[in-house]
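Below you'll find the structure, written out as structure tokens, and then a few comments.
Each value in this text was obtained by applying a stated rule to the coordinates, not by laboratory testing. Please read these numbers as outputs of a predicted model, since none were measured by experiment. Glycine gets a Cβ as well: all are built from the backbone with ideal geometry, and neighbour counts include every protein chain shown.
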């Protein structure tokens, strides 16, 4: 831009157009637009960027760089821990790539009819899966959904503490901490961590009782937990939370609900989770979609940060229309005055989720859930028979389970390096984030893993633990 030429990929960077835009808003230079940012927070030196590349040169550079990646298509993958490899039906990809979705512009009524119906189907089907009546459009991730739900509970109860179980994805906890705001902020929500039972992986109920106070806005726990453990004390946790006037927020993996009870049946007030397992490919750096759901009550509805889609009869008998509800309370409507900000939208994933749920139906969810349970437990049994290898929480888990290698004397990082040489992505190394578990890794088995895949993993681990 300094040499008076346009950026090759930015049409509006032509100097004449840039000048016209600056004149329209009444400033002389682009630098004036950043005067509100304190000078000490702005870069005081030129950025040493590499020389601009032509389109063909840039493409070659990117292809060469990305070719260094090792993908789950090229390697057998047992890594989950927040983003999981599930089967994505070809129909999901086909539908979301259609021009009707790709070119549907937000705020243009002429292009919104089919999109709104698809969004309504997303909310309706997920509501059936969760057995809850109010479901908002998706937010960026599970962590974002959990953070917003905690903020909702804080406003509902006028309290500023939340109890969170320690068996949680560290990345998800970091997002929750961000949304609970720093301690010097007026809307700060203090996070009180509750231990898990080292023998079972379940929440420590005695520690929960000792942590709950009259300041507790909500208790947040997950089932399956980050360790894959199915929380069997859900009803007791809810009873303890409700006894002190706190809300109960439960995080759930939606694909488990064909075989596990919906959280509302053991006392959940707000349910959050991810829809990534429902027809969305694994991707690095992009939103994986999180949802928020509750009972259809005003005290919950008026605290949602998300958009709602409603269906209504029209003046023509048998005809229905779709539209946004409570738009005015969202950050889209209130802008900087909003209670929350939903961040980047992941609404295209709602389309993929709708297709997936419609194709699966109740029977499909039951079948895939049973298949995941059977294969994950079969894998755990095989690995548990290997000398020096131990499954930490062998009972009551779904899809993921913790494997301890203390008895082998080989660090998890070394085992994973050896597995990679054999074309296998090993489990998530938990040694740093959960040192109390020792040399442990979180392994993931889904419906895409065959019995041959599981046997290959067991054989490879036996080789990888050799001195």
Using DSSP, restrict attention to beta bridges with both residues in the stretch 90-356 and report what percent are antiparallel, rounded to the nearest 5. 45
Taking the stretch 363-467, the equivalent ellipsoid from its C-alpha gyration tensor has semi-axes in Å, biggest first, of 23, 15, 12
Could you order peptides 247-253, 227-233, 290-296 by the average number of other Cβ atoms within 10 Å of their residues, highest first? 247-253, 290-296, 227-233
Antiparallel versus total DSSP beta bridges in the chain: what percent is that, nearest 5? 55
Peptides 33-39, 355-361, 408-414: what's the order by average Cβ count within 10 Å, highest mean first? 355-361, 408-414, 33-39
Could you rank the peptides 436-442, 139-145, 319-325 by their average count of other C-beta atoms within 10 Å per residue, with the highest value first? 139-145, 436-442, 319-325
With a cut-off of 8 Å between alpha carbons and a minimum separation of six or more residues, what is the relative contact order of the chain in percent? 19
Largest first and in whole Å, give the semi-axes of the stretch 11-66's equivalent ellipsoid, each being the square root of 5 times a Cα gyration tensor eigenvalue. 31, 19, 8
Can you list the equivalent-ellipsoid semi-axes of the stretch 90-356, largest first and in whole Å, using the square root of 5 times each Cα gyration tensor eigenvalue? 32, 20, 17
Cα pair distances of the stretch 309-410 binned at 5 Å [whole percent]: 2, 9, 10, 10, 10, 10, 10, 10, 10, 7, 5, 4, 1, 1, 0
Which of 417, 316 has the fewest other C-beta atoms within 10 Å, and how do the rest follow up to the most? 316, 417
With no solvent and one point per C-alpha, what does the Debye sum give as log10 I(q)/I(0) for the chain at q = 0.07, 0.10, 0.11, 0.12 Å⁻¹? -0.44, -0.87, -1.02, -1.16
How far is the Cα center of the stretch 36-71 from the Cα center of the stretch 175-215, in Å? 40
